[in-house]
Amino acid sequence: MTTRLLAAALTLLALSACSTTPRPLVPDTTQGPASYVCYSSLVSSPDEVRAIAERQCGRWGMPVSGVIGQSFSPFRCGVLTPTVAAFQCGGGAPPMAAPLAF
């Protein structure tokens, strides 16, 4: 029984290490670079998610210009961070500006 519990704990730890790291899912949109942040609305605040997007956009030397949208995407983002928010990088207006909804 202890071996099964240990194996389950190690599997959960491995899954959390792989799926909680925010990452861009695609490099850009037709309007320019974008930042796609995977997160859990249970443990992440909108400010934390936006800060990650700002760091990702900063890699291109651009600010976040707005929110493109968000969706529930557990197969793409992982079960521990099942929601993705898309942010437009650059000075142009995003195709669909909307606040993050938690």
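Data overview
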item: Sparsely packed trypsin sites (Lys or Arg not before Pro) within region 49-79, loop by DSSP, other Cβ within 10 Å at most 12; result: Arg59
item: Phi to ³J(HN,Hα) by Karplus 6.51 cos²θ - 1.76 cosθ + 1.60 over region 45-58, Hz, x for Gly, Pro; result: 9, x, 5, 5, 5, 5, 4, 5, 4, 5, 5, 5, 5, x
item: Added length on full extension, which subtracts the Cα-Cα distance from 0.36 nm per residue, Asp47 to Trp60; result: 2.6 nm
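Readers should treat all values here as calculations from the given coordinates under stated rules, not as data from a laboratory. It should be emphasised that the depicted structure is a prediction, and the values quoted were computed from it without experimental measurement. Positions of Cβ are backbone-derived with ideal geometry, glycine not excepted, and every protein chain shown enters the neighbour counts.
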